[in-house]
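Note sheet for the following structure.
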Amino acid sequence: MNKQRMRWMLGLAPLMVAGSLAAASFEPLFRVVTPKGSCEVLVPGTSGYVPAQKGKAYPYGTSIRCGENGSAVILLSAKDAVQLEANTAAELLDDPGSRECKILRLHAGRLNTRLSNDLPETALTIETPLAAGYALGGTVKFGMATTAEGATLTAQADSSSTVKIVGPQFIIPALANGAGARITTVPDNSFTRIENLQGEYPIMINRGTDERAPAEVDGMPNQDLLNVETSKRAAVKIWRSRAPVGGTLIVSSMITDSKGKVKETFAFAVGKPSLGSRTIFTDLESDASTNAVESADGPQEEHAQEDASVVDVFQMDAPGEEDAIRADAPAADAPKAQEAAPAATGSPSFEDLFF
């Protein structure tokens, strides 16, 4: 190699390094900058938790837990941090798909993000057993709690902040500017309830097999996603069961407004868009279940029979699936509440839409 080419390569090297560093959103290691009270870490390759050291850098793959009086601030970069509150257990991981992207797995407790608003959508994922948060920007608060009766996840974005929530059969494209949601589920995941805590935003019901389905495909709206507009105290409820023949996942869902009135119901076979039904309810006179009155511990609801009837049309892909969708989804015990699947009898007072 001649001297001129060597000098050119040596001059280019700093630019190549700077470019590679700029591509990464976070530092290769994270730092625990302000551990308080009981705060412990479990480093990969070690056998037990030890007290977190202030300012020390830890590798991804490390678990961290804060006790009853503990807390910690985790510094991901000079501009990005996550605060763990008391009684919180979490794990920080490299994303298997890209080491430049990180995952914070929240097992229990509460955390607050303090992130730049210009991060890539997948730079940091807040992963929980119920759903995951992507496209994080600004300050977003997460809370995760699990009991023998089920689990609850809350997510709320502060002003000028945003997060996308993705879970089984649902997507919240954006919680932003104070909007919040509460997601509850039962241990076997046969029932999920998504409640709008604040703001107005859509919830997408996902009929496809791609959990992170894009909003558009080839410039057209994704036909696997059904858009449901919600406002404060509105709710989306999802029941899941398996078809007796073939084992296809059958999903029934109900949408209620802020006063608890049933607005729409859906039923579909996951991954089979030709198999399903949609019902829109109008001017119902009977009492509906309410989301407005509930205890602080969780939703408390009683469900009435709606004054409506259902007519379903199906294109069958396998025997046994029609009966599974036509039947009301089995009742499921939500955390501290009994939830009834969509039921409809009596004279028709709605419009059926088929997809």
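For residues in segment 108-126 being part of a strand (DSSP E or B) and among the hydrophobic types (A, V, I, L, M, F, W, C), which is nearest to residue 168 (Cα to Cα)?
Top of the filtered list is 126.
Any idea which of 240, 233, 278 is on the phi < 0 side of the Ramachandran plot and at pLDDT 90 or above? Even if it seems obvious, please write down each step before you answer.
Values: 233 fails: on the phi < 0 side of the Ramachandran plot; 278 fails: at pLDDT 90 or above.
Exactly one of 240, 233, 278 is on the phi < 0 side of the Ramachandran plot and at pLDDT 90 or above, namely 240.
Give the residues of segment 216-232 that are in a strand (DSSP E or B) and either free of Cβ contacts under 8 Å to residues at least 40 places away in the same chain or under 20 Å from residue 260 (Cα atoms) (or both), sorted by residue number. Give the derivation first.
At the first step, the residues of segment 216-232 found to be in a strand (DSSP E or B) are 216-217, 220-221, 225-230.
Listed by number, the residues that qualify are 216, 217, 220, 221, 227, 228, 229, 230.
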**Study point:** Condition check for residue 135: farther than 22 Å from residue 171 by Cα, hydrophobic (A, V, I, L, M, F, W, C), buried (at least 17 other Cβ atoms within 10 Å of the Cβ) and without any contact (Cβ under 8 Å) to a residue 60 or more places away in the chain
**Key:** no
In segment 174-201, anything under 22 Å from residue 271 (Cβ atoms) and not acidic (Asp, Glu) is listed as 185, 189, 190, 191, 192, 194
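Scan 75, 119, 111 and give me the residue that is aliphatic (A, V, I, L, M), out of contact with any Pro (no Cβ under 9 Å at 6 or more places or on another chain), closer than 17 Å to residue 156 by Cα and crowded, with 16+ Cβ neighbours inside 10 Å. Talk me through it step by step, then tell me what you get.
Details: 75 fails: closer than 17 Å to residue 156 by Cα; 119 fails: closer than 17 Å to residue 156 by Cα.
111 is the lone residue from the list that is aliphatic (A, V, I, L, M), out of contact with any Pro (no Cβ under 9 Å at 6 or more places or on another chain), closer than 17 Å to residue 156 by Cα and crowded, with 16+ Cβ neighbours inside 10 Å.
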Residue hits (segment 84-108; more than 17 Å from residue 42 (Cα to Cα) and crowded, with 18+ Cβ neighbours inside 10 Å) are 101, 102
The residue that is surrounded by the most Cβ atoms within 10 Å (Cβ to Cβ), considering only those in segment 44-72 that are in contact with a Gly (Cβ under 7 Å, 6 or more places away or on another chain) and assigned to a loop (DSSP other than H, G, I, E, B), is 70
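The values are calculated or read from the model by the stated rules, or taken from the named source; none is laboratory data. Keep in mind that this is a model prediction, so the values were computed, not measured. Positions of Cβ are backbone-derived with ideal geometry, glycine not excepted, and every protein chain shown enters the neighbour counts.
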